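Asker: What follows is a single structure, and I will ask about it in a moment.
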Amino acid sequence: MAKTAVSRFATIIRLIRFCVKICGTDVSNPNYRMWAWTYLITVTIFAYFGFTGYTVYRAVQERDFTTILLAIATVGSGAQGLVKLVCCVGNATLVRNIQLTYESMYREYEDRSRVYSKYLHQRINNFYYLVLGFVFLYTTTVIIMICFPLFELVVYNKKAMILHFLIPGIDHKSDTGYVIMFGIHSTFLFLGAFGNFGGDMYLFLFIINIPLLKDIFKEKFNELNELVVQPDKYKEMHAKLWDLLDWHQKYATILRGTKKIYTAVMFVELISTCFGILCTISCIFMKNWPTAPFYLLYCFIVLYTFCGLGTIVETTNEQFTNEIYSNCLWYELPVREQKLVILMLAKSQDERSLTAADMLPLSMTTALQLTKAIYSFSMMMITYLDYEI
């Protein structure tokens with residue numbers, strides 16, 4: 001028996017809650033409160049920053065600038081995890097409200113018609129594809145970053161580190177110290193991957209379903225047009241028009257809430273990802289970090305995925321306007337109802353888009369501009385290294 005869209009959506013929520021529980025941020029729980037594990041994860045993140053700062057301090061003292069680059073290359077991922085934790089926990093009620101809005105939407109439109117059901121399943125499929133892609137990305141990156149140092153240890157007897165931070169009092173060059181550092185690095189990498197992935201899944205859930213609101217809006221307009229041409233269905237037509245106004249307001253509310261939760265996340269995500277890319281490229285040119293290409297690929301995929309989510313919102317905003325302007329038989333409506341359509345059209349032309357702290361628009365155009373800047377930096381590095389050689 002085929003699963004219903006409601007049951008598939010419930011499975012998605014359970015998957016998200018499983019991931020965020022590992023980091024103590026199950027904000028989907030109506031009774032959620034920060035508890036000991038949440039504080040321990042927060043302390044772990046700050047410990048990572050502290051150990052990285054200590055490593056940089058040691059490297060500056062020893063004038064080892066290569067180690068500085070290695071240490072700070074991955075610090076952006078820690079910053080991303082911290083800001084996602086703070087924003088999701090700080091806006092826990094808003095996150096739950098948006099999630100519950102989508103849940104009620106799936107329950108309400110599951111059995112209305114095959115058209116609505118098709119739209120629901122389509123968005124769930126898109127979410128599954130995106131999540132599976134990121135599961136593969138995170139899993140592959142973590143496995144490679146852990147297994148490659150093991151390979152070097154077994155084959156070449158070389159004590160390579162997973163991450164590049166030191167801990168006071170632990171000698172990573174000794175056998176015992178290396179084992180301890182390897183275990184700590186693996187734990188930090190594992191928690192960082194789960195934390196970032198869990199925070200991303202809420203954003204994926206909210207944004208992937210944004211076009212669903214447009215699809216349902218389109219079908220509602222088709223139903224309105226059928227009523228408009230029937231003079232004896234004025235009451236039904238009037239109720240359907242107000243339903244459309246309410247639906248458009250629901251879209252604006254979800255978009256506004258999503259932006260409030262994630263605007264700081266977007267800013268940190270873009271800045272830290274670009275910073276990590278630049279440092280990683282430098283490490284690749286200097287040939288001192290064997291797994292750097294895999295981390296570089298991870299950073300680029302994250303950059304383009306997040307900017308792609310912003311493009312989805314921009315496109316959906318335009319489609320809402322087009323639906324109102326092109327597909328509505330407004331000329332068949334009474335004058336009073338025409339004014340309501342004009343109001344909705346004016347509002348649709350000023351919808352919010354996702355931005356990075358209201359500084360950069362989140363779109364593929366921004367991603368391409370950042371890539372162009374990164375390319376220019378890479379060319380400069382190549383020229384500089386060739387000059388030094």
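Asker: Based on this model, can you work out whether Thr11 counts as farther than 19 Å from Lys84 by Cα, out of contact with any Ser or Thr (no Cβ under 8 Å at 6 or more places or on another chain) and among the β-branched types (Val, Ile, Thr)?
Answerer: yes
Asker: OK, next. Considering only helices (runs of 4 or more DSSP H) fully contained in region 1-83, which possess at least 3 residues that are buried (at least 17 other Cβ atoms within 10 Å of the Cβ) and at pLDDT 90 or above?
Answerer: The qualifying helices (runs of 4 or more DSSP H) are 36-61.
Asker: Does Glu337 meet the test of being among the charged types (D, E, K, R), crowded, with 16+ Cβ neighbours inside 10 Å and in a loop (DSSP other than H, G, I, E, B)?
Answerer: no
Asker: Still on this structure: Only residues that are at negative phi, without any contact (Cβ under 8 Å) to a residue 60 or more places away in the chain and of a type outside the set (D, E, K, R): list them for region 150-168, please.
Answerer: Answer for region 150-168, where residues must be at negative phi, without any contact (Cβ under 8 Å) to a residue 60 or more places away in the chain and of a type outside the set (D, E, K, R): Leu150, Phe151, Leu153, Val154, Val155, Tyr156, Met161, Ile162.
Asker: Does Glu108 qualify as being closer than 13 Å to Asn209 by Cα, among the charged types (D, E, K, R) and either surrounded by fewer than 16 Cβ atoms within 10 Å (Cβ to Cβ) or touching a strand residue (DSSP E or B) at 6+ places or on another chain (Cβ under 9 Å) (or both)?
Answerer: No; evaluated as a whole, the condition is false for this residue.
Asker: Looking only at region 357-386, count every residue that is surrounded by 15 or more Cβ atoms within 10 Å (Cβ to Cβ), closer than 14 Å to Leu270 by Cβ and polar (S, T, N, Q) and tell me the total.
Answerer: Residues meeting the conditions: 3.
Asker: Has region 358-379 got any residue that is of a type in the set (S, T, N, Q), in contact with a helix residue (DSSP H, G or I) (Cβ under 8 Å, 6 or more places away or on another chain) and either at positive phi or not in a helix (DSSP H, G or I) (or both)?
Answerer: Looking for residues that are of a type in the set (S, T, N, Q), in contact with a helix residue (DSSP H, G or I) (Cβ under 8 Å, 6 or more places away or on another chain) and either at positive phi or not in a helix (DSSP H, G or I) (or both), one finds at least one in region 358-379, hence yes.
Asker: Let me ask you something else. On the basis of being more than 18 Å from the chain's Cα centre (by Cα), in a helix (DSSP H, G or I) and of a type in the set (Val, Ile, Thr), does Thr305 make the cut?
Answerer: When the stated conditions are applied, Thr305 does not pass them.
Asker: Return the total of residues in region 298-322 being surrounded by fewer than 21 Cβ atoms within 10 Å (Cβ to Cβ) and either out of contact with any Ser or Thr (no Cβ under 7 Å at 6 or more places or on another chain) or of a type in the set (Phe, Trp, Tyr) (or both).
Answerer: 10
Asker: Restricting to region 132-149, count the residues that are without any contact (Cβ under 8 Å) to a residue 40 or more places away in the chain and among the aliphatic types (A, V, I, L, M).
Answerer: Of the residues in region 132-149, 2 are without any contact (Cβ under 8 Å) to a residue 40 or more places away in the chain and among the aliphatic types (A, V, I, L, M).
Asker: Which numbered condition trips up Glu351, out of (1) surrounded by 14 or more Cβ atoms within 10 Å (Cβ to Cβ); (2) part of a helix (DSSP H, G or I)?
Answerer: (2) is the only condition that Glu351 fails.
Asker: Taking Ile254, is it under 22 Å from Leu354 (Cα atoms), of a type in the set (Val, Ile, Thr), over 19 Å from the mean Cα position of the chain (by Cα) and assigned to a helix (DSSP H, G or I)?
Answerer: Judged against the criteria, Ile254 is not a match.
Asker: Can I ask one more? Does at least one position in region 169-187 carry a residue that is in contact (Cβ under 8 Å) with a residue 24 or more places away in the chain, closer than 30 Å to Thr44 by Cβ, part of a helix (DSSP H, G or I) and among the hydrophobic types (A, V, I, L, M, F, W, C)?
Answerer: Yes, region 169-187 contains at least one residue that is in contact (Cβ under 8 Å) with a residue 24 or more places away in the chain, closer than 30 Å to Thr44 by Cβ, part of a helix (DSSP H, G or I) and among the hydrophobic types (A, V, I, L, M, F, W, C).
Asker: Separate question: Can you tell me which residue among Thr38, Thr74, Thr25, Thr93 is under 21 Å from Cys279 (Cα atoms) and of a type in the set (S, T, N, Q)?
Answerer: Going through Thr38, Thr74, Thr25, Thr93 in turn, the sole match is Thr74.
The values are calculated or read from the model by the stated rules, or taken from the named source; none is laboratory data. All of these numbers come straight from a predicted model, not from anything done at the bench. For neighbour counting, all protein chains shown are included, and Cβ atoms are generated from backbone atoms with ideal geometry for every residue, glycine included.
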